[in-house]
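A short write-up of the structure that comes next.
Since every read-out is calculated from the coordinates, none of them should be taken as a lab result. These numbers were taken from a predicted model, which means no experiment stands behind them. Cβ: placed from backbone, ideal geometry, glycine included. Neighbour counts: every protein chain shown.
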Amino acid sequence: MKDPYTILMHPLSTEKAIRKMEAENVLIFIVDKKVKKSEIKWAVEKAFNAKVIGVNTLIDIKGKKKAYIKLSPETLAVDITTQLGLA
């Protein structure tokens, strides 16, 4: 497989993304348009040593692909964003 950081372009740090992270333990990343959900799950688990429950994706109006990554209760999204230097 690829390098996880070629799949995960960058995290979103909007107000909505921060709310989802705190309330629902969900990370939102902008990802490569060509990757599948299974590849996104693999990249997050590999890059952050986190357990992923599920991945939902959408292509926004600007043509960017967003991945909503639901993490298991043992792995806190806040810890990962702190590791990335966002929070």
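When residues in the range 20-37 are screened for being outside any loop (DSSP other than H, G, I, E, B) and either surrounded by 15 or more Cβ atoms within 10 Å (Cβ to Cβ) or small (G, A, S) (or both), 10 of them pass. When the range 1-29 is filtered for residues that are hydrophobic (A, V, I, L, M, F, W, C) and either farther than 20 Å from S72 by Cα or touching a Pro at 6+ places or on another chain (Cβ under 6 Å) (or both), the ones remaining, listed by number, are M1, I7, M9, F29.
Of all residues in the range 5-19, which are of a type in the set (D, E, K, R) and either part of a strand (DSSP E or B) or under 22 Å from K33 (Cα atoms) (or both)? Within the range 5-19, just K16 meets the criteria.
Residues in the range 41-57 that are farther than 19 Å from E74 by Cα and touching a residue at least 24 places away in the same chain (Cβ under 8 Å): T57 only. Exactly one residue among I59, I53, I69 is aliphatic (A, V, I, L, M), under 14 Å from E24 (Cβ atoms) and surrounded by fewer than 18 Cβ atoms within 10 Å (Cβ to Cβ), and that residue is I53.
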